[in-house]
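Notes to accompany the following structure.
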């Protein structure tokens, strides 16, 4: 489903501002470290008891890759993110990035739009199109290595970067220019 350009712009800007605010100024972002800095408690499914896993299994289609439980206690938010650690590291990274969006926007029970935008957020946090644009003449393997994403995600990222160039969206947003400037200074 397509949402307004304002929805996507807000998501993109938030992803890059997170990278800036927490000092992640390289192409590869350590989403596990970012999650921890956001006070998210990361709990792999392998740490759960069989009984706990069976409860998740009931909701497997909805909670397959991961989910976050949010609680506000005495005005302070706590985030417990459970994720499937039996899948590839790329899928785990995407899941954590997806959950970060829910945490940032305090989406306790996300609807379909919030889920779709969390997927977009994860893709943009992991491989921002303005950074991928310099790789458009290289292979998806190069993009996969540069951003530590799957081959499939790399193809998607390259497609997004090419579309941005082809449709004259290659002009950078202010937050993207700021990010590039900070990368140069580092």
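Annotations
- Answer from 67, 79, 32 - the residue that is in a strand (DSSP E or B), at pLDDT 95 or above and under 23 Å from residue 11 (Cα atoms): 79
- Flag for residue 106 being under 30 Å from residue 76 (Cα atoms) and exposed (fewer than 14 other Cβ atoms within 10 Å of the Cβ): yes
- In summary, residue 6 fulfils each of the numbered conditions (1) within 23 Å of residue 179 (Cβ to Cβ); (2) surrounded by 11 or more Cβ atoms within 10 Å (Cβ to Cβ) with the single exception of condition (2).
- Filter pass, residue 82 being buried (at least 21 other Cβ atoms within 10 Å of the Cβ), in contact with a helix residue (DSSP H, G or I) (Cβ under 9 Å, 6 or more places away or on another chain), more than 17 Å from residue 22 (Cα to Cα) and in contact (Cβ under 8 Å) with a residue 12 or more places away in the chain: yes
- Against the list (1) closer than 24 Å to residue 116 by Cβ; (2) within 19 Å of the chain's Cα centre (by Cα); (3) outside any helix (DSSP H, G or I); (4) modelled with pLDDT of 90 or more, the condition residue 2 fails is (4).
The values are calculated or read from the model by the stated rules, or taken from the named source; none is laboratory data. Bear in mind that the values here come from a model prediction, so they are computed numbers and not experimental data. Methodologically, a virtual Cβ is constructed for each residue, glycine included, from the backbone with ideal geometry; neighbour enumeration extends over all protein chains shown.
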